Amino acid sequence: MRHCIKISVAFSASVLLAEAAVHALDIPVASGKVSMQITSCLVSSVKSPGKTYDCTTEANKSVAACNGTELCEIPIGYNLTAGKDIDPGSGFLGKRVKIVYQCGAVSQQWGPYNQDDHASLVMDCSGAWW
Amino acid sequence: MIGEIEFMNTSKKAVILSLVLFSGAGSAAAFSPVSPSSRAVNPNDYPKLTETELGHIRHLVKMAHQLPGDWSGYGSQWLLTECTQQFQLAFSGMTLALVQHQYTPAYRELYREAIDANIQKLQHPDIWERWMFSSRSGARGGILNDMQPGWMDPIAKDNIMLKAYLLQLGAAYEMLYGDRKYDQPGAFTFFYRGQGMGNGLIKFRYSLGDIAKNIHQEVVDSDYVGSACEPARIFWACQAPSSVGFLHYDQVHGTDYGNILRKMKNSWVAKGFIDPKTYTYSEVVRTSWEDRAADQKPVPLSPMVRDIGGWSGMFNHAWDRKFVEAAYYGVGGRARDEALKFYLTGEFAKAPSTFDDPIHAYASVAWGLFLAYAAEVGDKEAVDKMLAYAQRNYKSVWENGEYYYPRSDDYSVDENGNSHGIDPWTGNVFIPMARLNKGGAFYKLYNQPWGEEQYRQPYISNVDALSTNVSQAFYDKTKDALIVTLEPGPIAEKQVQFTVRQLEPTKTYSVTKNDKVLGHLDRRSGGNADGSGSMTWREDGSLLVTTEIAKAQTFIISASR
């Protein structure tokens, strides 16, 4: 029994080391957990560029909920601006969302897209970035 | 709620009970007395699809089930930005809906699956991504000085040319089947994953309720003029599918979106976009880019019966019957007479070409729209003449049990004044729709909605659609009788099976096949084996029927006690 535990511990340690090595190489793993992080998230008014909202915190919450999956959906509606309209009256076309995220060392920009309660950006750390 | 259709290995799962249905092969003395109710049921009193109509339906169903991205047979040369696939899908779905509602209400799986398939196809990127072009608008029409960035979400703003059909078909589906699947969040999902363009992967999710609310709000925000087709262009025709979609939606959900229909009509009249005295209208109203209620400008008024008049007429008949019929005929009936002459003499094919319609394909679409409009208002004379014109001039095809009129680009006018050109929208959909609509079919579809009573009635399922056509499937509640006629399909089989569902377990049913009384059947009895087929109660309470299919077989299953 003790022998089995030793083997199990050794195996687990090997797996953890291998995973760490993959992260160290900054190569997103083909399956399993990946390192996705929001670098920046910005909602900005189209007509009044000074009106912006830093939504990095909100976007990272969505990423955290994905729990390390390769593909992670981030709703890009008013959830990003605490339920508020940063430019009231500007309508559907009035606000745009841009998100920059990292898969390991690789940086990606998604958006700008219209802020839209029915839309979700699908962040992709699967490696298919062409 | 109608149960999910089962495809079980019936030979294994059927439970054959001990008693045998009184056999028709025996002597008369062996039969139970024939009930008065079964004698009173005459199959000829119920709707029945003809061979041609079955061929049309088979073609529509086949097209609905083509693999995603396979648009074989849909291609049109009418080069409007959105192309015409979405319209073919939508009008095909509504044709199947009217057949479901009025011809074979007790046979649902074929229509249910095909309507759903059409709805799924409307979410295919080939359909909705066209919006990225349309939403850019531009200088054409004098609305802007240049194209705009546009937007990707096909529902959020404008684009009634897509979302109206999602509402119309989704609500019709829910009304027909009592299945609220489109109420689910994300029931309509549009996933942009195109390579080489765009700002990354993005999904747009809507429920049927989201779409209804969106369209309703746009109509209100436009001062009741409507939801725009392309940005800043509101067509009367494009409002009709969503208008009637509201009717079904309200019936299913208990809402009152339909109250905007009269307000919209009144607004068009008050603003001079519809002249109710001359039955003329502005096909399109232009608005400001920013505000659909601002700078509304009509184009010169034209008769409501021609061009795209039928687009609205065939559906608006459901809620504005008198006006729509009057508009069809025009003052003194002249508009209808002139239009019919126009479409029967090849004149329509001589209409001036436009740069987005190099081969007059739109002329054929207008031909089909008029035909469908004539059918809905019950102008049998016009329908018969136009169908005769189609038979003479369009090359109809029978193929694998499907009947349709394939596209022809020959829009020249021959020495007899006929044109042979036909667009797929007309050949695939409008002609079948008109042939199947004996007058007021859409009126009935929207004014005689189904509910729990219909969902609980007996119906048949598990029909092999390759070997079997169902030309009759009707439950007559006044006689408590189910009338079913099966006909051979394109794949020859000696025997076929079907399942009868939702018979009352406490009732005894009289069974007649091809005018021959087989006897009585109830849950206490089992199957029969009279040499020509069998009937077997199954564990789930359904009745499995096996029959030969070399020729048409008509069954009457009526409650006798």
Note to self: Could you check the stretch B:292-339 and list, in sequence order, the residues that are within 14 Å of chain A (Cβ to nearest Cβ) and free of Cβ contacts under 8 Å to residues at least 60 places away in the same chain?
What the structure shows: B:ALA294
Check: Within the stretch A:35-130, which strands (runs of 3 or more DSSP E) (wholly inside it) include 2 or more residues that are touching a strand residue (DSSP E or B) at 6+ places or on another chain (Cβ under 7 Å) and within 14 Å of chain B (Cβ to nearest Cβ)?
Finding: A:36-45, A:71-75, A:95-103, A:106-114, A:119-124
Notebook entry, point to check: Within the group A:GLY68, A:GLY127, which residue is surrounded by fewer than 17 Cβ atoms within 10 Å (Cβ to Cβ), touching a residue at least 60 places away in the same chain (Cβ under 8 Å) and on the phi > 0 side of the Ramachandran plot?
Noted result: A:GLY127
Next item on the list: Kindly check whether there is at least one residue in the stretch B:68-84 that is within 17 Å of B:ASN428 (Cα to Cα), within 17 Å of the chain's Cα centre (by Cα) and assigned to a helix (DSSP H, G or I).
Entry: no
Notebook entry, point to check: Within the bounds of the stretch B:316-323, is there any residue that is within 20 Å of B:CYS229 (Cβ to Cβ) and not hydrophobic (A, V, I, L, M, F, W, C)?
Noted result: yes
Checklist line | Matching residues in the stretch B:186-202 - criterion: being within 10 Å of chain A (Cβ to nearest Cβ) and either assigned to a helix (DSSP H, G or I) or not hydroxyl-bearing (Ser, Thr, Tyr) (or both) | finding: B:GLY186, B:PHE188, B:PHE190, B:PHE191, B:ARG193, B:GLN195, B:GLY196, B:GLY198, B:ASN199, B:GLY200, B:LEU201, B:ILE202
Next item on the list: Go through (1) more than 21 Å from A:LEU93 (Cα to Cα); (2) among the β-branched types (Val, Ile, Thr); (3) part of a helix (DSSP H, G or I) and name the single condition B:THR255 misses.
Entry: (3)
Check: Failed condition for B:ARG205, given (1) under 30 Å from A:SER126 (Cβ atoms); (2) assigned to a helix (DSSP H, G or I), with all others met?
Finding: (2)
Checklist line | Residue that is touching a Pro at 6+ places or on another chain (Cβ under 7 Å) and acidic (Asp, Glu), where the choices are B:ASP158, B:ASP126, B:ASP146 | finding: B:ASP158
Note to self: Suppose we keep only residues that are over 20 Å from B:ASP307 (Cα atoms) and among the basic types (Lys, Arg) within the stretch B:195-242. Which one would you say is surrounded by the most Cβ atoms within 10 Å (Cβ to Cβ)?
What the structure shows: B:ARG205
Check: For the stretch B:72-85, how many residues meet the condition of being modelled with pLDDT of 95 or more and under 18 Å from B:ASN159 (Cβ atoms)?
Finding: 0
Next item on the list: Kindly provide the set of residues from the stretch B:105-133 that are modelled with pLDDT of 95 or more, among the basic types (Lys, Arg) and more than 26 Å from B:GLN448 (Cα to Cα), ordered by number.
Entry: B:LYS121
Check: Using beta carbons and a limit of 6 Å, which pairs, at least six apart or on different chains, have the first residue in the stretch A:71-85 and among the acidic types (Asp, Glu) and the second one surrounded by fewer than 18 Cβ atoms within 10 Å (Cβ to Cβ) and in a strand (DSSP E or B)?
Finding: A:GLU73/A:VAL122
Check: Within the stretch B:360-408, can you find the residues that are within 12 Å of B:HIS420 (Cα to Cα) and aliphatic (A, V, I, L, M)?
Finding: B:ALA361, B:ALA363, B:ALA390
Check: Any idea how many residues of the stretch B:205-220 are more than 26 Å from the chain's Cα centre (by Cα) and within 10 Å of another protein chain (Cβ to nearest Cβ)?
Finding: 0
Note to self: Can you go through B:ASP153, B:ASP158, B:ASP210 and tell me which one is closer than 18 Å to B:PRO241 by Cα, assigned to a loop (DSSP other than H, G, I, E, B) and modelled with pLDDT of 95 or more?
What the structure shows: B:ASP158
Margin query: Can you say whether B:ILE491 is out of contact with any Pro (no Cβ under 7 Å at 6 or more places or on another chain), of a type in the set (A, V, I, L, M) and within 24 Å of B:LEU176 (Cβ to Cβ), as far as the supplied structure shows?
Written below: no
Notebook entry, point to check: Restricting the search to the stretch B:116-140, which residues are farther than 15 Å from B:PRO68 by Cα and among the hydrophobic types (A, V, I, L, M, F, W, C)?
Noted result: B:TRP131, B:MET132, B:PHE133, B:ALA139
Note to self: Just the residues that are on the phi < 0 side of the Ramachandran plot and part of a loop (DSSP other than H, G, I, E, B), please, taken from the stretch B:213-225.
What the structure shows: B:SER222, B:VAL225
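The values are calculated or read from the model by the stated rules, or taken from the named source; none is laboratory data. Everything numeric here is computed off the predicted structure, so don't read it as measured data. Virtual Cβ from ideal backbone geometry, glycine too; neighbours counted across all protein chains shown.
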